[in-house]
């Protein structure tokens, strides 16, 4: 877990995340980072519903955490962890390049959506 704490403490990442959020641009986190990084910076949806690695210590940092493997909330995308990373990546592709592009890549990679 030291990766998420290193990310939380990164001034460069802090600047980038705050810029993305304040300018309604996409930003995302997976595994422990939604709880450790985004929650600590107030960058999760105020309505709750984000997701993260399903350990109690992380879920307790989220308001009304979702059990979904990937959650899209406006410009924020969160995912649970290593096992959901491919679905997370395909979702990021959809958010950035559109559904058709994401479906094409998933099909070429033999990923069932």
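The values are calculated or read from the model by the stated rules, or taken from the named source; none is laboratory data. Owing to the predicted nature of the structure, the values given are computational and were not obtained by experimental measurement. Don't worry about glycine lacking a Cβ; one is built from the backbone with ideal geometry, like all the others, and counts go over all protein chains shown.
Structural remarks
- Checked against (1) more than 13 Å from the chain's Cα centre (by Cα); (2) free of Cβ contacts under 8 Å to residues at least 12 places away in the same chain; (3) not in a loop (DSSP other than H, G, I, E, B), residue 89 passes all but condition (1).
- Odd one out for residue 12, checked against (1) exposed (fewer than 12 other Cβ atoms within 10 Å of the Cβ); (2) at pLDDT below 95: (2)
- The set of residues in segment 92-104 that are touching a residue at least 12 places away in the same chain (Cβ under 8 Å) and either exposed (fewer than 15 other Cβ atoms within 10 Å of the Cβ) or in contact with a strand residue (DSSP E or B) (Cβ under 8 Å, 6 or more places away or on another chain) (or both) comprises 92, 95, 96.
- Given (1) closer than 24 Å to residue 97 by Cβ; (2) in contact with a strand residue (DSSP E or B) (Cβ under 8 Å, 6 or more places away or on another chain), number of the condition residue 82 does not satisfy: (2)
- Residues in segment 38-82 that are buried (at least 19 other Cβ atoms within 10 Å of the Cβ) and in a strand (DSSP E or B): 70, 71, 76, 77, 78, 79.
- Residue count for segment 55-79, restricted to those that are closer than 12 Å to residue 33 by Cα and touching a strand residue (DSSP E or B) at 6+ places or on another chain (Cβ under 7 Å): 3
- Test: residue in segment 98-107 that is over 21 Å from residue 7 (Cβ atoms), at pLDDT 95 or above and assigned to a loop (DSSP other than H, G, I, E, B): yes
- Among the residues here, residue 34 qualifies as in a helix (DSSP H, G or I) and closer than 16 Å to residue 67 by Cα.
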